[in-house]
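The structure appears right after this line, and notes come after that.
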Amino acid sequence: MVMSAQPIDTLSRSILTGLSCRCPRCRRGKLFRGFLTLRPRCEACGLDYGFADSGDGPAVFIMFLAGFIVVGAALITEVLYQPPFWVHAALWLPLILIVTLGPLRPMKGLMIALQYHHKAAEGRFR
Ligand SMILES: [Zn+2]
């Protein structure tokens, strides 16, 4: 098996790197300092993360989608089982936190990785 050199990562590899919240160039440094706070640059290779446009678009999208899913699930449960109110609260409040906060970091990492991928493909970083 021959390993060929790849000057620019494949898109699928960039996506995986982003989802794991790693530096899009070296894949060793971490992207985040806090829960959603970006480090100024990569601690491993020194890549400046300033190129990343860290808007809240993905967050709004995730919350809208998650809210839709949870409300839909709550309605279905209500129609099928008519549980007491505390069952709804015990089920859906933790679920809302999980489905909204859970994907935020990988989604933000993914967005940054895609921006890096796009710019690297244009030759601005290499
Ligand atoms: Zn790096």
Given the structure, is residue 66 at pLDDT 90 or above and either in a helix (DSSP H, G or I) or within 16 Å of the ligand (Cβ to nearest atom) (or both)? no
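Does the stretch 54-62 contain any residue that is assigned to a loop (DSSP other than H, G, I, E, B) and exposed (fewer than 11 other Cβ atoms within 10 Å of the Cβ)?
Within the stretch 54-62, one or more residues are assigned to a loop (DSSP other than H, G, I, E, B) and exposed (fewer than 11 other Cβ atoms within 10 Å of the Cβ).
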Contact list please: Cβ distance under 6 Å, first residue in the stretch 28-51 and more than 17 Å from residue 110 (Cα to Cα), second residue within 9 Å of the ligand (Cβ to nearest atom), pairs at least six apart or on different chains. 43/29; 44/26; 44/28; 44/29; 45/25; 45/26
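Applying the selection to the stretch 15-27, what residues are under 14 Å from residue 105 (Cα atoms), free of Cβ contacts under 8 Å to residues at least 40 places away in the same chain and within 10 Å of the ligand (Cβ to nearest atom)?
Matches in the stretch 15-27: 23 only.
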Please go through (1) open to solvent by 60 Å² or more (accessible area, probe 1.4 Å); (2) at positive phi for residue 37 and return the number of the only condition it doesn't satisfy. (2)
Residues being out of contact with any helix residue (DSSP H, G or I) (no Cβ under 8 Å at 6 or more places or on another chain) and at pLDDT below 90: count how many of those fall in the stretch 90-116. 6
Would it be correct to say that residue 53 is modelled with pLDDT of 90 or more, acidic (Asp, Glu) and out of contact with any Gly (no Cβ under 9 Å at 6 or more places or on another chain)? no
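The values are calculated or read from the model by the stated rules, or taken from the named source; none is laboratory data. Predicted, not measured: the structure shown is a model, and the values here were computed from it. Ideal geometry is used to build each Cβ from the backbone, glycine not excepted, and the neighbour counts take in all protein chains shown. Ligands, DNA and RNA are stripped out before the accessible areas are found, and what is left, the full protein with its side chains, is counted by its heavy atoms. Shrake-Rupley method; radii C 1.70, N 1.55, O 1.52, S 1.80 Å.
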